[in-house]
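For reference, the structure is listed below as structure tokens.
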Amino acid sequence: MAVNDFNIPEPFKTDQIELLREGIYNDPQINVYINKQKDFAFLYPRPLVDYKEYLPRVKKLNLEKYKKQRLVYMERYLKIRSFINNISNLLEIGAGDGSFLRIINKNHPTVALSSVEADISTLSLREAIENLKNYERIEETCKYNNKYDAICLFMFLSILLILQPIFQ
């Protein structure tokens, strides 16, 4: 089965996928699919999430200690570090607690940072990042006609379908 059958954006829509788990996200109809390379997974059908009442999976599954041991954010940074040397501003959509943006801020203090994150339970952690502009919704960034040299969507690739009209 090809990812394209699920209306997933490039570069993943031509990947071959397989069912990883049936019934997730407190819904027996929502399944987890993963590509053959094991570097992209997604839920289908996509669950509707009320981010005002959202409890991050890390907290819900009590994985905070495990998450701190992993170097995921540093690995993300190392993959794109060479691009960041040539930019003046960056937006992360789905910034969570701001861990990735902290690394950018530490290593590239002249890069202006912005985040879009609907999870208000992590807002205080993001507010602690010096010179970070926080937005709750993507439309807020458009309201000010902001332009970004780089936009990062590490965990919310499927949100591109929602954002498509904004980027056109």
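The values are calculated or read from the model by the stated rules, or taken from the named source; none is laboratory data. None of these values were measured; they are calculated from a predicted model. Note that each Cβ is placed from the backbone with ideal geometry, even for glycine, and that neighbours are counted across all protein chains shown.
If you go through segment 79-103 and pick out every residue that is assigned to a helix (DSSP H, G or I) and touching a residue at least 12 places away in the same chain (Cβ under 8 Å), you end up with 9.
On the given criteria, is F154 aromatic (F, W, Y), modelled with pLDDT of 85 or more and either within 25 Å of A41 (Cβ to Cβ) or not in a loop (DSSP other than H, G, I, E, B) (or both)? No: the conditions fail for F154. Might you let me know whether segment 23-36 holds any residue that is in a loop (DSSP other than H, G, I, E, B), at pLDDT 75 or above, within 30 Å of H108 (Cβ to Cβ) and not assigned by TED's automatic domain parsing to the domain that holds I151? No, there is no match, as no residue in segment 23-36 is in a loop (DSSP other than H, G, I, E, B), at pLDDT 75 or above, within 30 Å of H108 (Cβ to Cβ) and not assigned by TED's automatic domain parsing to the domain that holds I151.
The number of residues in segment 119-149 being part of a loop (DSSP other than H, G, I, E, B), closer than 17 Å to L90 by Cα and among the acidic types (D, E) comes to 3. Among the conditions (1) within 20 Å of R76 (Cβ to Cβ); (2) surrounded by fewer than 20 Cβ atoms within 10 Å (Cβ to Cβ); (3) touching a Lys or Arg at 6+ places or on another chain (Cβ under 9 Å); (4) of a type in the set (S, T, Y), S114 misses just one, which is (2). Taken together, A112, A95, A128 contain a single residue that is closer than 28 Å to Y44 by Cα and modelled with pLDDT of 90 or more, which is A95. Close Cβ contacts (under 7 Å, 6 or more residues apart or on different chains) running from residues in segment 26-47 that are touching a residue at least 12 places away in the same chain (Cβ under 8 Å) to residues that are surrounded by 12 or more Cβ atoms within 10 Å (Cβ to Cβ) and among the small types (G, A, S) comprise V32/A41; Y33/A41; I34/A41; F42/S158; R46/S158. Restricting N134, N107, N86, N62 to those that are at pLDDT below 95 and more than 29 Å from R21 (Cβ to Cβ) reduces the list to N86.
Among the residues of segment 104-118, those identified as in a loop (DSSP other than H, G, I, E, B) and either touching a strand residue (DSSP E or B) at 6+ places or on another chain (Cβ under 9 Å) or in contact (Cβ under 8 Å) with a residue 40 or more places away in the chain (or both) are H108, V111, E117, A118.
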